[in-house]
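Novice: Below is the structure I would like to discuss, written out as structure tokens.
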Amino acid sequence: MKRNQSVEDYLECILLLSRESEFVHRVDVARKIGVSQPAVQKAVKILQGAGFVECDGLHIYLTQKGEKYAEEIYGRHTTLREFLLLHGVNAADADADACEMEHVISEATFKMMKKYVSENK
């Protein structure tokens, strides 16, 4: 599957919201990402079509496939953030940069960074 930053951002957001509350609402996703509710509605339809989420009309739920992919994305984010922090980048910049890098980094570079983080924690 070709990587899509928007899809990945929504999945990561839904994952994090689902860790905070039993139910994830479109309005919560809109607030967290900083987009309109119609934008979330459009994204949810795309995510449903890809088999990443299910909806019951009010709530958004990650499917097993969606949760696995979201966990992978969030894992990249946290590893990249930690790598940057270990190199002296301030927390705000490390988080913002990790959010961008997680979508474009090559697997080889990510593995190197992950190894470095695990050896230097």
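Novice: Looking only at residues that are part of a helix (DSSP H, G or I) and of a type in the set (A, V, I, L, M, F, W, C) in region 16-38, which one is nearest to the chain's Cα centre (by Cα)?
Specialist: Here is the first cut: in region 16-38, the residues part of a helix (DSSP H, G or I) are 16-20, 26-33, 37-38.
Now drop any that are not of a type in the set (A, V, I, L, M, F, W, C), which leaves 16-17, 27, 29-30, 33.
On the way: Leu16: 8, Leu17: 11, Val27: 17, Val29: 12, Ala30: 14, Ile33: 11 Å.
Looking at residues that are part of a helix (DSSP H, G or I) and of a type in the set (A, V, I, L, M, F, W, C), I get Leu16.
Novice: Identify, from the list Lys111, Lys65, Lys115, the residue that is closer than 30 Å to Glu22 by Cα and of a type in the set (D, E, K, R). Walk me through how you get there before you give the answer.
Specialist: Details: Lys111 fails: closer than 30 Å to Glu22 by Cα; Lys115 fails: closer than 30 Å to Glu22 by Cα.
Unique residue meeting the criteria: Lys65.
Novice: Which is open to solvent by 30 Å² or more (accessible area, probe 1.4 Å), within 17 Å of Ile73 (Cα to Cα), small (Gly, Ala, Ser) and modelled with pLDDT of 95 or more, of Ser18, Ser6? Spell out the reasoning first.
Specialist: On the way: Ser6 fails: modelled with pLDDT of 95 or more.
After ruling out the rest, the residue left standing is Ser18.
Residues checked against (1) under 23 Å from Asn120 (Cα atoms); (2) of a type in the set (Asp, Glu); (3) touching a residue at least 60 places away in the same chain (Cβ under 8 Å):
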{"position": "Arg26", "(1), (2), (3)": "no, no, no"}
{"position": "Val29", "(1), (2), (3)": "no, no, no"}
{"position": "Gly49", "(1), (2), (3)": "no, no, no"}
{"position": "Asp56", "(1), (2), (3)": "no, yes, no"}
{"position": "Ile60", "(1), (2), (3)": "no, no, no"}
{"position": "Leu80", "(1), (2), (3)": "yes, no, no"}
{"position": "Leu85", "(1), (2), (3)": "yes, no, no"}
{"position": "Val89", "(1), (2), (3)": "yes, no, no"}
{"position": "His103", "(1), (2), (3)": "no, no, yes"}
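The values are calculated or read from the model by the stated rules, or taken from the named source; none is laboratory data. In this text the structure is predicted, and so the values were computed from the model without any measurement. Ideal geometry is used to build each Cβ from the backbone, glycine not excepted, and the neighbour counts take in all protein chains shown. Remember, those area values only see protein heavy atoms, side chains included, never the ligands or the DNA or RNA. Shrake-Rupley method; radii C 1.70, N 1.55, O 1.52, S 1.80 Å.
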